Each structure stands twice: as C-alpha cells, then as structure tokens.
Amino acid sequence: MAIALVIISLLVTFLLVGVVYVKHQYTYWKRKRVPFSEPEFPYGNFKHINRQSLASFSTKHYRRWMGTGSRFFGLFLFVEPQLFITDPDLIKTVLIKDFNYFPERGIFHNVRDDPLSAHLFSIDANEWRSLRARLTPTFTSGKMKQMFSTLGAVGEKLSQFLTKEVGSGKDVQIKDTMARFTIDVIGSCAFGIECNSLKEPDSEFRKFGKLVFEKPRHSVLIIFFLKLYPEAAKTLRLKLLRSECSEFFYKIVKNTVEYREKNSVERNDFLNLLIQLKNDGKQLSMNEIAAQSFIFFGAGFETSSSNQTFCLYELALNQDCQEKARNCVLEAMKKHGGMTYEAVCEMSYLDHCINETLRLYPSLAILERRAFKDYQIPDSDVVVPKGMKIYIPAFAIHRDERYYPNPDVFDPDRFRPEESAKRHIGTFLPFGEGPRICIGLRFGMLQSRVGLATILSQFKVGPSARTPVPIEFSGDTTVLRPKGDLWLKFEPL
Ligand code: HEM
C-alpha cells in the first residue's frame, strides 16, 4: 500500500512538473515579446506537417506576419521554440556577415551507425570547415568544363531516348524522365557508374534514388524530431538512411575506388577528384568519400531533376517563353557547332527561365541554421540562445508580392541582368547564401541547361489532358517536388 502511494505521488509530481514545464515553454515567445502562433501540445505548431508540403506550411505562417513590420516570428516544434526570420536584411546578416554565429544547419547525422549521413550538408561547424575547403576545388568552373564531356554524353542519350519514345507525338511522364536523366548524369559524375536508368527504368540506381526521396526511412515529423534531439537520437543509435540504401551506395563507391586504383583508371568526374584528394594526403577516408558521393547524388539528383520538371511544366503553359527559350538554345548551338560547353554557357534566356523556375519552386522551401553561440538580433533585444534552430522560409519569400509583383506568374524577364542587379540578396535564395551556399550550384545549373536545351531543341512541349493546373506539391519529403505523376505532351519539331 505504502509503495503504491509512493509510486502514485511520484507519478503525480512527475505529471505536475511536466505540465508546468510545457506551460512555461509555450510562453517562451510571449516572454520575449516575439510574435508567435499559438502552439498545441504535443506537436507545437507542427501537428499537420506530414499532411502538407513544407512550402505550404511555411507560407501559411509567413503570411500571417507579412506586412506587420515584424522581422521574425516564433513557432514551437513540440515544446521547443524555433525562430523564423523573414526580413531580407536580417537574413543577409545571419547567412553572411554573422555566419560565425550560424555555421551549421543542425541536421541529424550519426557517423558511428550511419556513416553516409555524415556528409557536407549535415556535418557541424568544426568538421565542415576543413571538408568544405578540401572539396571546393572540385566545383570550380574549370572542373565543370572538364566534366562537361561526361554530362554531354548523357544529354545525347536523353535525346536518343526521347526520339525513340515520342515518335510522332506522345504524352511523356516528365517527372520520371527527368529523374532518370539526372540519375544517369549524377551517377556518372559522382560514382563513375553508367546507371542506364534512361534505358532501364528499373535500374538499381533508380530504385535506390526513389527509396531515398520517395520512401525515406522517417516521416517529415520524425526528421524534425531528430534535428531537435540529435544527441538522444545518437545514443539510441537511430539512423537517418535506410540500411539497404547505405549498403548499396557504400558498396558501389568502395568497389569503384578500388577498381580505379588497381587499374589506374582516370575519369572526368567527382569521384576522380575525391580519389585525388584521398591520395594527396588530404586524409579522406573511404567512409568520407562514400558520404560525399552520396550527398552529391542526393543533393544533385532530386533538386536538378525537379527544377527541369517544373521548368518544362511552366514552359508548356507559357508557349511564348518556350519559343524564346528555344530560339536562344538554337542560336547558341548554331554559333558553337552543337551542344558544347561554350554553347550552354551562352543560353542566357534559358538561364532566366531556370532562375524563374527556381524562384517559383526552390528545392528547399526552408533554409535552416543552428546558433553556435548566443546571438543578439541586431536592433532588437531578442537573443537567440546557443543551440536554437532558425529557419528562413525561402519559398514564401520568393512568392511575396512586395519583392515579386504578380508572384505566381512565370516571368523569366525578372532575371534579366538589369532586374537581377536591383534585387536584394535576401529575396532570392534557391541555392542558399553565405559560406554554406550550395557547393554544386554551377553543376546544378549546367545539368539543368543540358537537359532543357536537349529537349527544347528537338520538341515542342505542351500541356496534355493529364497536366494538373495548378500544380500540387508532395507532402512526403523535405524537398519540393510535384505530387504524383506529371504528364506533358511532346511533339517533334
Ligand atoms: C538545381 C540544383 C540544385 C539546387 C536548387 C540546390 C540547392 C541547395 C540548397 C538550397 C542548399 C542549402 C544552402 C544553404 O543552406 O544556404 C544546398 C546545399 C548543398 N548542395 Fe545543392 N542544389 C542543387 C544542386 C546540387 C548539386 C548538383 C550538388 C552536388 C553535386 C549539390 C550539393 C550540395 C551540397 C554538398 C550542399 C551542402 C553545402 C554545405 O553545407 O557546405 N547541390 N543546395
């Protein structure tokens, strides 16, 4: 009886302490006099995060405070306060000038149990600095030019595939086609492997690429949970990636590296550059090489494939822009005798279309950082404590009519050089900004140009009866992608 009483009183005390703690936590932003949306226990403001895309989630909250003069607002992830910053000047300061306060994203990774998760995108400040410095030379424009032959060869395969597939005109599942093209490019450039997913839709790379993005190990809510309590998750030995995916990618890299070293094979690709770094005494282990190859694949495949898909979708609905883009492609090809590196670098109207697509559909709807030390927000008395996550709602900013009149309209002229020059750096963030800006930006643009130019130079693309207007976004992943299949009508020119 006495023991039962002790247990009950302990439970009641525990419950009371829990209630007081939660109530205290939920007054955090009120106490700091920061605008916030009322949370609901236990999810805070993230209750329906699995049922919508991060783009619509963040835009809903952004619009609530838009135009009120506030430069940031607070939300709660479970019981933890999180800060969203919305003011372009403050964004610029956080990402660039005060980068030393925010040098990491605070993404869960677990080098012991899930070595492929410890890549450039996820690792924390100290390891990141030296790795980024070692990898930066891999992405110079000189290296891009060298790699162009590998990329161009896959462009050629896309052209052959579509010519065979489309015949005299057909609906094409464009999301799938661009994913297969991009997998072949990245597979070839990051792993040095002929993936052949254009030829064989069920190739292993396609299968595992799909698993990573379409069936991740955890739901979006759990991914946020892991970001919040990374140390607890590591102690519990939780993993981010599906084991079969890690095993597949690790094995491919290990076998290829060993094969190349044994047979002295040199190729113009990222893997070659990673092997050189390993052998130049830059201390890159096999796990590190595999993790970087994996992120080049992960970050380079879905982003670029979605960009090409969304761009073709918009060009199908905006025929005048498509015509202009095609003329620019054909002129550059004529001048340079085909789809050469020089030609794709001179397709400026196509670049405007790609940038306008990145504005309307940035792959990462939200950029994220974690405070490395206490940070006093300039011109305010709010202090972001060490360890707090901050978010930058790039998608919502890109659709804010104060920065982009008629924000939902596809208008590539917004990216004419004179217009771009007027733009605040904090209002166009498809590749992020500051020292942690996308390292593969140049390659991503190059890949999109080759894919789009290949298609536009040979086909007229239009909407089919199955094309959704407006487009819906998938709520299953953290990367912005269309929901379900996306069909467009292709006619040979
Ligand atoms: C259209 C294509 C692409 C888009 C839209 C894109 C977008 C992004 C964004 C938004 C970030 C986060 C930046 C930030 O937090 O400030 C990022 C980081 C990154 N991206 Fe990309 N990306 C693309 C292509 C690529 C490619 C092709 C690669 C590799 C081959 C790549 C590798 C990475 C890596 C490694 C990071 C982490 C950089 C770091 O933390 O130092 N991306 N990308």
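The values are calculated or read from the model by the stated rules, or taken from the named source; none is laboratory data. As the structure is a prediction and not an experimental result, all values here were calculated from the model. Don't worry about glycine lacking a Cβ; one is built from the backbone with ideal geometry, like all the others, and counts go over all protein chains shown. In case anyone asks, the SASA skips ligands and DNA or RNA and just uses the protein heavy atoms, side chains included. Shrake-Rupley method; radii C 1.70, N 1.55, O 1.52, S 1.80 Å.
Taking the Cα centre of the range 143-234 as the origin, how large is its charge dipole in debye, to the nearest 20, when only Lys and Arg (+1) and Asp and Glu (-1) carry charge on their Cβ atoms? Please report the intermediate quantities before stating the final value.
Values: 15 positive and 11 negative charges, 52 e Å.
Rounded to the nearest 20 debye, it is 240 debye.
Can you list the HN-Hα couplings for the range 410-416, worked out from phi with the Karplus curve (6.51, -1.76, 1.60; θ = phi - 60°), rounded to whole Hz and with x for Gly and Pro?
Residue by residue, the range 410-416 yields 7, 9, x, 5, 4, 10, 4 Hz.
Quote to one decimal, in nm, the extra length available between Glu342 and Glu214 on full extension: 0.36 nm per residue of separation minus the C-alpha distance between them. Numbers along the way, then the final one.
Details: separation 128, 0.36 × 128 = 46.08 nm, distance 3.56 nm.
That pair, Glu342 and Glu214, stretches by 42.5 nm at full extension.
At 0.36 nm per residue, and after removing the present C-alpha to C-alpha distance, how many nm does the segment from Val383 to Glu40 gain when stretched out fully?
On the way: separation 343, 0.36 × 343 = 123.48 nm, distance 2.42 nm.
Between Val383 and Glu40, full extension yields 121.1 nm more.
Looking at the range 378-446, which GluC sites (Glu not before Pro) are in a loop (DSSP not H, G, I, E or B) and have at most 11 other Cβ atoms within 10 Å?
On the way: sites: Glu401, Glu418, Glu419, Glu433; in loops: Glu401, Glu433.
Those that pass, being in a loop and sparsely packed, are Glu401.
Write down the Kirkwood hydrodynamic radius of the chain, to one decimal in angstroms, obtained as one divided by the mean of 1/r over all alpha carbon pairs.
Values: mean 1/r = 0.0416 Å⁻¹.
After inverting the pairwise mean of 1/r, the radius is 24.0 Å.
Find out how many positive minus negative residues lie around Trp29, taking Lys and Arg as positive, Asp and Glu as negative, among other residues whose Cβ is under 13 Å from that of Trp29. Walk me through the intermediate numbers first.
Values: positive: Lys30, Arg31, Lys32, Arg33; negative: Glu38, Glu80.
Net charge around Trp29: +2.
May I ask you to give the percent of accessible area on the range 179-290 that is carbon plus sulfur, with a probe radius of 1.4 Å? Mind dumping the intermediate values first?
On the way: 2760 of 5440 Å².
Within the range 179-290, the accessible surface is 51 percent carbon and sulfur.
With r as the distance between the Cβ atoms of Asp87 and Lys199 and R0 = 56 Å, compute the FRET efficiency 1/(1 + (r/R0)^6) and round to 0.05. Intermediate results must be reported in sequence, preceding the final value.
Values: r = 49 Å, r/R0 = 0.88.
Efficiency, from the Cβ-Cβ distance: 0.70.
For the range 298-359, rounded, prolate or oblate, judged on the Cα gyration tensor with a ≥ b ≥ c (square roots of eigenvalues), a/c < 1.5 rounded, else prolate if a/b > b/c? Write out the running numbers ahead of the final one.
Working: a/c = 2.45, a/b = 1.29, b/c = 1.89.
It comes out oblate by the Cα gyration axes.
5 Å is the cut-off here: which amide hydrogens, built 1.01 Å from N in the peptide plane, fall below it relative to Asp114, excluding neighbours closer than 5 in sequence?
none
Less than 15 Å Cβ to Cβ from Asn406, Lys/Arg counted +1 and Asp/Glu -1: what total charge do the surrounding residues give?
Numbers: positive: Arg359, Arg399, Arg402, Arg414; negative: Glu314, Glu356, Asp400, Glu401, Asp408, Asp411, Asp413, Glu419.
Net of charged neighbours comes to -4.
Quick one: which of 353-364, 114-125, 17-28 comes out on top by average Cβ neighbours within 10 Å, and what's the full order, highest first?
On the way: 353-364: 23.9, 114-125: 20.7, 17-28: 13.0.
Descending packing order for the listed peptides: 353-364, 114-125, 17-28.
So how far apart, in nm, are the two label points at Asp113 and Thr27 if each is 7 Å from Cα heading toward Cβ?
3.7 nm
Could you tell me which of rounded, prolate or oblate describes the range 29-115, using a ≥ b ≥ c as the square roots of the eigenvalues of the alpha-carbon gyration tensor, with rounded for a/c under 1.5 and, failing that, prolate when a/b is larger than b/c and oblate otherwise? Please list the in-between numbers first.
Values: a/c = 1.74, a/b = 1.12, b/c = 1.56.
Oblate is the answer for the range 29-115, as a/c is 1.5 or above yet b/c matches or exceeds a/b.
Placing +1 on the Cβ of each Lys and Arg and -1 on the Cβ of each Asp and Glu in the chain, which of His119, Leu273, Tyr26 has its Cα farthest towards the positive end of the resulting dipole?
Comparing the listed Cα positions along the dipole, Tyr26 ranks first.
Answer rounded, prolate or oblate for the range 127-262, using the Cα gyration tensor with square roots of eigenvalues a ≥ b ≥ c: rounded when a/c is under 1.5, else prolate when a/b is larger than b/c, else oblate. Don't skip to the end; give the middle numbers.
Numbers: a/c = 2.08, a/b = 1.39, b/c = 1.50.
Because a/c hits 1.5 or more and a/b fails to exceed b/c, the range 127-262 counts as oblate.
Computed FRET efficiency, Cβ-Cβ of Thr235 and Glu419, R0 60 Å: what is it to the nearest 0.05? Write out the running numbers ahead of the final one.
Values: r = 51 Å, r/R0 = 0.85.
Computed FRET efficiency for Thr235 and Glu419: 0.75.
Hey, what do the phi angles of the range 172-181 turn into as Karplus ³J(HN,Hα) couplings, whole Hz, using 6.51/-1.76/1.60 and θ = phi - 60°, x for Gly and Pro?
Values per residue, Gly and Pro as x: 10, 7, 6, 4, 5, 4, 5, 5, 5, 4 Hz.
Glu247 to Asp408: extension gain in nm, 0.36 nm per residue of separation minus the Cα-Cα distance? Could the numbers behind the result be given before it?
Values: separation 161, 0.36 × 161 = 57.96 nm, distance 4.20 nm.
Using 0.36 nm per residue and subtracting the Cα-Cα distance, I get 53.8 nm.
Using amide H atoms built in the peptide plane, which far-off residues or other-chain residues are under 5 Å from Phe372 H to H?
Counting only residues 5 or more places away or on other chains, the set is Phe102, Gly387.
For the chain, with every protein chain kept in place, what is the accessible area per residue (1.4 Å probe, Å²)?
Per-residue accessible area for the chain comes out at 44 Å².
For the pair Glu261 and Glu156, how long in nm is the line joining their label points, each one 7 Å along Cα→Cβ?
3.2 nm
Rank-order 345-351, 254-260 by packing density, defined as the average count of other C-beta atoms within 10 Å over each peptide's residues, highest first. Before the final figure, lay out the partial values.
Values: 345-351: 19.0, 254-260: 14.9.
Highest-to-lowest ranking by the protection proxy: 345-351, 254-260.
Whole-Hz ³J(HN,Hα) for each residue in the range 40-54, computed from phi via Karplus 6.51 cos²θ - 1.76 cosθ + 1.60 with θ = phi - 60°, x for glycine and proline: what do you get?
Values, residue by residue: 10, 5, x, 7, x, 9, 9, 4, 9, 4, 6, 9, 9, 7, 4 Hz.
Can you list the residues, at least 5 places off or on another chain, whose amide H is less than 5 Å from the amide H of Leu367, using H built in the peptide plane?
Counting only residues 5 or more places away or on other chains, the set is Ile392, Ala394.
Around Ser56, with a cut-off of 12 angstrom between Cβ atoms, what is the net charge of the other residues, counting Lys and Arg +1 and Asp and Glu -1? Walk me through the numbers before you get to the answer.
Numbers: positive: Arg51, Lys60, Arg63, Arg399, Lys483; negative: Glu472.
Spelling it out: positives minus negatives among the neighbours equals +4.
Dipole magnitude of the range 32-492 about its Cα centre, charges +1 at Lys/Arg Cβ and -1 at Asp/Glu Cβ only, in debye to the nearest 20? If you can, show how the numbers build up before the last one.
Values: 64 positive and 55 negative charges, 122 e Å.
Roughly 580 debye for the range 32-492.
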